[in-house]
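S.K.: Submitted below is the structure of interest, expressed as structure tokens.
The values are calculated or read from the model by the stated rules, or taken from the named source; none is laboratory data. This structure is a prediction, so every number in the text was calculated from the model and none was measured. Glycine gets a Cβ as well: all are built from the backbone with ideal geometry, and neighbour counts include every protein chain shown.
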Amino acid sequence: MEQKIVTVGYGDVKQVQIGGTLPLAFVGGPCAIENRDHALFMAESIAEICEKLDIPWIYKSCYDKDCRSSPKSFHGVGIDEGLKILSEVRETFKVPVVSDFSDASWAAATGEVCDMVQVPAYLCRQTSILRAAAATERPILLKKGQFMSPWNMKNSCRKLEAFGNEQIILADRGTFMGYNMLVNDMTSFPIMRYTGYPVCYDATHSIQLPTSMGNISGGQREFIPYLVRSAVANGINLLFMETHDNPSKALSDANTVLDIKYLENVLYQAKKVHEMRLELFNELGPDNVHPTIE
Amino acid sequence: MRVEEVMISMGSFPVVTQKTILKEALTEMGEANLGLVCIINEKQELLGLITDGDLRRKLLKVQKPFSAFFIDDALIHAKQNPITCRPEDNLKEVVQLMGEKQIWDLPVLEKDNQLVGLLHLHPAVKKMLEG
């Protein structure tokens with residue numbers, strides 16, 4: 001299966017190429033845009049780490065969190081303010097930016113500013129959302145729903161293709177195992193990669209314990225490095241992690257977001273494992289053990 | 001007598017494109033009541049075919065869940081480079097070949113490998129018996 005390369009970044013930002021045997025890329029930032037100063041501070045902090053490690057990266061933060069467990073939870077700064085902030089981050093650091101959108105009517109404005117648009121996991125089958133995402137003509141980060149099998153994500157890809165957009169990256173953010181629990185099936189990466197599209201691992205949502213704390217979600221952040229090493233070794237092209245300078249005060253996903261003080265450590269490991277995997281393939285050739293998906 | 005005099009024309013037997021998933025290909029086969037489906041590209045060139053027999057053997061071999069099997073591209077489960085014939089081929093010789101190879105259906109290709117029809121054994125034999 002020929003592997004597609006997806007290029008993220010328009011205008012004068014530093015483009016990020018994702019897929020094939022290209023270097024591992026990173027996408028991250030605070031789950032929600034909290035305010036302008038915090039967004040700029042986080043972007044600067046992440047940029048410093050990624051530059052030091054020489055990792056291509058994309059800034060991720062959302063303007064409207066529409067799937068919070070409680071109506072009292074922080075919902076976001078809103079689309080107008082949020083896109084203004086993302087635009088400033090983009091211009092200031094020349095970094096591509098991505099936000100999700102939860103309503104089809106938000107897609108066009110999101111795609112005008114953002115270099116990539118993200119389809120939330122819960123909405124990954126919604127035809128109206130997929131049609132709107134495709135129409136932005138931007139690359140699409142398509143999260144696998146926690147209720148979806150990796151092979152059934154092909155249905156969503158086929159919808160996007162039918163709507164004329166084949167710039168797709170498929171992301172795994174865990175799969176429901178019973179109630180309030182997610183697990184990662186590491187075979188999801190080769191299975192989703194068989195669509196031909198690059199694959200992404202969302203580490204910080206994968207360790208989430210959905211709504212485990214009654215009206216908010218918990219998370220087991222101590223498992224992030226274990227799962228990141230596994231996913232990278234299994235051939236992901238893009239690593240997704242939400243990060244925050246003060247997780248306990250984060251306005252969204254406080255129990256799952258990675259403290260930025262650990263970001264360099266985890267990204268360093270991810271880069272090393274990715275390079276080791278490519279070295280093995282150079283030495284031995286691509287995986288050829290029972291070489292069939294039958 | 002030539003193959004083109006008795007072959008089933010395009011539109012009257014199951015043909016799908018390379019982006020078709022296995023489930024859709026099997027549905028096509030079922031609707032046409034023929035034990036085979038041909039897979040073509042945009043240029044109408046034959047890429048492969050799946051027969052009832054291929055499918056039977058796959059079912060005994062495949063280890064993944066049916067939901068994953070059904071959504072595979074049909075092409076990855078297809079027989080590639082199948083035996084074919086030309087419209088101008090002699091019908092009797094082709095039917096003899098089908099007998100030797102125990103084949104019920106044979107795709108008919110033009111010289112540029114474009115699929116133009118399907119030779120099904122029953123009407124071919126019937127035509128020959130009619131003389």
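S.K.: Residue under question is A:Leu83, and the condition is that it be more than 24 Å from A:Ser248 (Cβ to Cβ) and of a type in the set (A, V, I, L, M, F, W, C); does it hold?
M.R.: Against the criterion (more than 24 Å from A:Ser248 (Cβ to Cβ) and of a type in the set (A, V, I, L, M, F, W, C)), A:Leu83 qualifies.
S.K.: Here's something else I'd like to know. Within segment B:29-72, which residues are away from chain A (no Cβ under 11 Å) and among the small types (Gly, Ala, Ser)?
M.R.: B:Gly30, B:Ala32, B:Gly35, B:Gly48, B:Gly53
S.K.: Any idea which of (1) in contact with a strand residue (DSSP E or B) (Cβ under 7 Å, 6 or more places away or on another chain); (2) crowded, with 23+ Cβ neighbours inside 10 Å is the one A:Ala121 doesn't satisfy?
M.R.: Answer for A:Ala121: the failing condition is (2).
S.K.: How many residues are of a type outside the set (D, E, K, R), buried (at least 20 other Cβ atoms within 10 Å of the Cβ) and assigned to a strand (DSSP E or B) when one looks only at segment A:164-181?
M.R.: 4
Residue-wise test of (1) closer than 20 Å to A:Thr92 by Cα; (2) modelled with pLDDT under 95; (3) among the hydrophobic types (A, V, I, L, M, F, W, C).
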| residue | (1), (2), (3) |
| --- | --- |
| A:Met1 | no, yes, yes |
| A:Ile18 | no, no, yes |
| A:Ala32 | yes, no, yes |
| A:Met42 | yes, no, yes |
| A:Ile55 | yes, no, yes |
| A:Cys67 | no, yes, yes |
| A:Phe74 | no, yes, yes |
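Here is a yes/no grid of residues against (1) within 14 Å of another protein chain (Cβ to nearest Cβ); (2) buried (at least 16 other Cβ atoms within 10 Å of the Cβ); (3) more than 30 Å from B:Ala74 (Cα to Cα); (4) touching a Leu at 6+ places or on another chain (Cβ under 9 Å):
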| site | (1), (2), (3), (4) |
| --- | --- |
| A:Val228 | no, yes, yes, yes |
| A:Gly235 | no, yes, no, no |
| A:Asp253 | no, yes, yes, no |
| A:His290 | yes, no, no, no |
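S.K.: Step by step: first the residues of segment A:164-180, then only those that are without any contact (Cβ under 8 Å) to a residue 12 or more places away in the chain and within 21 Å of B:Pro65 (Cα to Cα), then the one that is nearest to the other protein chains (Cβ to nearest Cβ). Which residue is that?
M.R.: A:Met177
S.K.: For A:Ser128, work out the one condition from (1) touching a residue at least 60 places away in the same chain (Cβ under 8 Å); (2) surrounded by fewer than 21 Cβ atoms within 10 Å (Cβ to Cβ) it doesn't fulfil.
M.R.: (1)
S.K.: Regarding A:Ala133, is this residue more than 14 Å from chain B (Cβ to nearest Cβ) and in a helix (DSSP H, G or I)?
M.R.: yes
S.K.: Then there's this: Do we have A:Thr256 as in a strand (DSSP E or B) and touching a residue at least 24 places away in the same chain (Cβ under 8 Å) here?
M.R.: No.
S.K.: Within segment A:145-163, restricting attention to residues that are within 14 Å of another protein chain (Cβ to nearest Cβ) and assigned to a loop (DSSP other than H, G, I, E, B), which residue is surrounded by the fewest Cβ atoms within 10 Å (Cβ to Cβ)?
M.R.: Filtering segment A:145-163 for residues that are within 14 Å of another protein chain (Cβ to nearest Cβ) and assigned to a loop (DSSP other than H, G, I, E, B), the one surrounded by the fewest Cβ atoms within 10 Å (Cβ to Cβ) comes out as A:Phe147.
S.K.: Could you grab me the full set of residues in segment B:33-52 that are farther than 25 Å from B:Asp112 by Cα and surrounded by 16 or more Cβ atoms within 10 Å (Cβ to Cβ)?
M.R.: B:Leu34, B:Gly35
S.K.: Which members of segment B:6-20 meet the condition of being hydrophobic (A, V, I, L, M, F, W, C) and surrounded by 19 or more Cβ atoms within 10 Å (Cβ to Cβ)?
M.R.: B:Val6, B:Met7, B:Phe13, B:Val15, B:Val16, listed by residue number.
S.K.: Can you name every one of the helices (runs of 4 or more DSSP H) wholly within segment B:27-127 that holds 2 or more residues which are in contact (Cβ under 8 Å) with a residue 60 or more places away in the chain?
M.R.: It comes to B:91-101.
S.K.: With A:Ile18, A:Ile33, A:Ile46 as the choices, which residue is among the β-branched types (Val, Ile, Thr), surrounded by 17 or more Cβ atoms within 10 Å (Cβ to Cβ) and touching a Cys at 6+ places or on another chain (Cβ under 7 Å)?
M.R.: Exactly one residue qualifies, and that residue is A:Ile33.
S.K.: Something else now. Can you pull out every residue in segment A:182-219 that is part of a loop (DSSP other than H, G, I, E, B), more than 14 Å from chain B (Cβ to nearest Cβ) and modelled with pLDDT under 95?
M.R.: Residues satisfying the conditions are A:Pro210, A:Thr211, A:Ser212, A:Met213, A:Gly214, A:Asn215, A:Ile216, A:Ser217.
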